[in-house]
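Here is the structure we will look at, set down as structure tokens.
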Amino acid sequence: MCGIVGYTGSSSAVPVLLSGLKRLEYRGYDSAGIAVNTGGSLQMVKASGHLEHLMERLKSTPLSGTSGIGHTRWATHGAPTDINAHPHMSNDGQFAVVHNGIIENYAQLREELTENGFQFSSETDTEVIVHLLEYYDQGDPKVAVMKAASRLEGSYALGVVCARFPDTLYTARLSSPLILGVGIGESFFASDVTALVRHTKNVIYMEDGEFACITPRGIEVFDSTGAPIRKTVSRVAWDVEAAEKGGYDHFMLKEIMEQPRALKLTIEPRIRDGRIVLDEFESFRAQLPNIRKVVITACGSAYHAGCVGRYVIEQLCRIPVEAELASELRYRNPIIDSSTLLIVVSQSGETADTIAALKECKARGATVLAVVNVVGSTIAKLADYVLYTWAGPEIAVATTKGYTTQVAVLDLFAVWAAEALGTISAQSCADYVKQLLSLPERAQRAIDLNPGIPALARQYKAADAMFFIGRNIDYAICLEGSLKLKEISYIHSEAYAAGELKHGTIALIDEGRLVVALACQEALFDKMMSNVREVKARGAQVLAAALEGNRRILSQADDVLYIPDTDPLFLAIPEIIPLQLFAYYMARENGCDIDKPKNLAKSVTVE
Ligand code: G6P
């Protein structure tokens with residue numbers, strides 16, 4: 001959602017801030033702004049809409065200075081207007097602030113500050129922070145930031161500039177990501193490493209309750225008592241190319257094509273001498289027999305990965321597995337105790353509902369295993385154990401490689417746990433390991449087998465609604481295929497368990513309605529063919545997915561996507577890829593903003 005960035009050094013701040021904000025665009029935003037210390041006074045420029053509007057405005061109002069802060073805002077409190085955009089400035093012009101997160105007690109603070117004579121110009125929760133800074137200012141901005149932060153409830157990553165200290169930035173963090181960049185003669189902060197890698201790969205991950213003073217000469221981090229903290233400088237593992245389009249028209253297409261490699265990086269290092277080794281989780285192996293239930297929780301596509309995981313883990317480990325949306329689980333008073341293993345799945349590691357569900361279940365005694373892509377993220381820190389998906393940075397709002405690598409980790413976990421529990425034989429374990437190792441190649445084959453997808457999209461582009469149907473794991477894949485289509489092409493679409501057709505959806509099938517029928521589970525193929533016949537009889541057009549070499553499908557479906565032959569348990573990875581491509585080309589045919597779909601954010605950090 002919102003993104004923040006800060007720079008102090010010897011270069012002109014505006015281009016550095018703008019390039020940082022550009023890299024944060026993918027998180028989703030509807031206005032942007034920057035403030036620069038122009039040598040003793042603060043000046044800011046803000047604009048609603050795309051960053052281009054801000055850039056236009058900066059042409060007529062250039063800001064010169066070598067330190068400043070920037071923000072991309074995704075409106076929560078107040079419409080996406082110029083005035084509500086960040087930064088916000090104090091009445092005396094001494095402080096400007098950018099903020100990610102939500103200040104839950106802002107209404108009380110606003111009342112209190114108004115009574116004390118402060119003038120508010122925006123409707124945002126953030127503005128209380130900057131007036132608190134002025135209220136507590138007695139000379140040292142560091143002290144004012146700490147005092148102001150002590151009054152805030154909710155979540156924040158704050159970036160502050162003070163007119164009197166032209167080369168210093170101040171930051172604070174609570175439940176919202178914040179990373180500091182250590183350069184040579186320059187320093188940075190940002191809500192996301194993608195905004196920093198162009199300048200430095202040396203970063204400091206801030207923890208909750210920490211503050212920092214940032215100057216070109218160095219960074220000091222301290223705790224809520226003001227005592228200095230020694231922080232480790234980490235090296236970001238990926239480089240700037242990973243966060244750029246590399247010749248593709250969209251990040252989404254690039255990320256779809258990167259899946260074979262991302263899967264290889266996620267799977268291969270975890271297989272040694274024909275066995276799965278989950279280094280980060282090995283110490284839990286002996287406790288596995290005490291687990292009575294596995295609960296997988298997540299939001300969006302990560303939840304859909306969990307739905308696949310449920311089938312695979314239950315089938316191989318013979319333990320009951322539930323997959324539940326984090327936004328539901330957190331309010332359900334769930335039956336969870338120390339015999340529950342909670343698997344939390346999240347690409348960003350910052351999704352608000354997922355974090356809340358994690359905390360709720362942890363408090364009830366569950367052991368928490370996180371499957372996360374972003375190193376050092378909140379979920380990674382809160383969990384007892386972390387298995388990282390090594391997908392690299394994912395920029396497109398609609399996840400692709402994030403999802404398939406999540407499925408890969410859940411598959412690895414299932415085989416690993418089944419071996420540890422003795423629910424599969426040594427021979428089947430060896431066969432599954434071979435299958436897992438072949439998934440990157442099968443992912444590539446799923447791309448190569450379906451060169452006709454752009455033409456299919458041209459043919460079907462005018463569809464106004466469609467249905468995805470499937471059974472078992474095919475149904476779990478329908479959920480994700482349907483979401484992919486609707487989020488980027490805005491075409492109404494629903495995923496249905498094929499066996500439920502007669503309980504509702506069939507009433508909506510009429511002449512020309514497109515039905516995407518996933519029929520890759522061979523054991524259920526005939527059942528699926530009955531469903532296909534039912535919808536065909538009512539005039540539907542059927543785009544089917546079937547295993548490579550399946551000829552029976554040709555007599556039933558109008559068009560076919562072919563999926564490389566794979567063990568039925570591991571089909572989700574090759575099977576989703578043509579559906580991702582179908583969604584991509586449908587959106588492209590309809591002229592949609594593919595990487596930044598309307599109203600959506602990459603990382604949903606508020607409830
Ligand atoms: C947003 C994104 C989705 C993602 C979901 C969960 O809706 O647009 O792509 O699946 O959040 O995000 P997470 O980072 O927890 O996987």
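The values are calculated or read from the model by the stated rules, or taken from the named source; none is laboratory data. Fair warning: this is a prediction, and the values are worked out from it, not measured in the lab. Note: ideal-geometry Cβ built from the backbone for every residue, glycine included; neighbour counts use all protein chains shown. In case anyone asks, the SASA skips ligands and DNA or RNA and just uses the protein heavy atoms, side chains included. Shrake-Rupley method; radii C 1.70, N 1.55, O 1.52, S 1.80 Å.
Things to note:
- Here ASP92 meets the list (1) at pLDDT 95 or above; (2) within 27 Å of THR399 (Cα to Cα); (3) open to solvent by 40 Å² or more (accessible area, probe 1.4 Å) almost entirely, failing just condition (2).
- Residue in the stretch 549-558 that is touching a residue at least 40 places away in the same chain (Cβ under 8 Å) and not polar (S, T, N, Q) present: yes
- Residues of the stretch 369-392 satisfying the condition of being among the β-branched types (Val, Ile, Thr), more than 10 Å from the ligand (Cβ to nearest atom) and touching a Pro at 6+ places or on another chain (Cβ under 9 Å): THR378
- Residues (of a type outside the set (Lys, Arg), within 12 Å of the chain's Cα centre (by Cα) and more than 8 Å from the ligand (Cβ to nearest atom)) located in the stretch 393-410: PRO393, GLU394, ILE395, ALA396, THR400
- Residues that are more than 13 Å from LYS461 (Cα to Cα), within 15 Å of the ligand (Cβ to nearest atom) and not aliphatic (A, V, I, L, M), drawn from the stretch 569-596: GLN580, ASP593, ASP595, LYS596
- Tallying residues that are more than 16 Å from the ligand (Cβ to nearest atom), open to solvent by 30 Å² or more (accessible area, probe 1.4 Å) and not hydrophobic (A, V, I, L, M, F, W, C) within the stretch 291-338 yields 14.
- Looking across ILE267, ILE256, one residue alone is crowded, with 19+ Cβ neighbours inside 10 Å, in a helix (DSSP H, G or I) and more than 16 Å from the ligand (Cβ to nearest atom). It is ILE267.
- Qualifying residues in the stretch 1-29 (those that are farther than 17 Å from PRO216 by Cβ and surrounded by fewer than 21 Cβ atoms within 10 Å (Cβ to Cβ)) - the one nearest to the ligand (Cβ to nearest atom): GLU25
- Residues that are charged (D, E, K, R) and either in contact with a Cys (Cβ under 8 Å, 6 or more places away or on another chain) or not in a strand (DSSP E or B) (or both), drawn from the stretch 287-335: ARG292, ARG310, GLU314, ARG318, GLU328, ARG330, ARG332
- Check on ALA366, away from the ligand (no atom under 16 Å from the Cβ) and in contact (Cβ under 8 Å) with a residue 60 or more places away in the chain: yes
- Hey, VAL345 within 18 Å of the chain's Cα centre (by Cα), near the ligand (Cβ under 10 Å from one of its atoms) and either modelled with pLDDT under 95 or open to solvent by 20 Å² or more (accessible area, probe 1.4 Å) (or both) or not: no
- Matching residues in the stretch 61-104 - criterion: being outside any strand (DSSP E or B) and small (Gly, Ala, Ser): SER64, GLY65, ALA75, GLY78, ALA79, ALA85, SER90, GLY93, GLY101
- Boolean, VAL321 is more than 18 Å from the chain's Cα centre (by Cα) and hydrophobic (A, V, I, L, M, F, W, C): yes
- All conditions in (1) within 16 Å of the ligand (Cβ to nearest atom); (2) in contact with a helix residue (DSSP H, G or I) (Cβ under 9 Å, 6 or more places away or on another chain); (3) under 30 Å from GLY49 (Cα atoms) hold for ASN599, with the sole exception of (2).
- In the stretch 376-484, counting only helices (runs of 4 or more DSSP H) that sit wholly within it, the ones holding 3 or more residues that are surrounded by fewer than 20 Cβ atoms within 10 Å (Cβ to Cβ) and of a type in the set (Gly, Ala, Ser) span 426-437.
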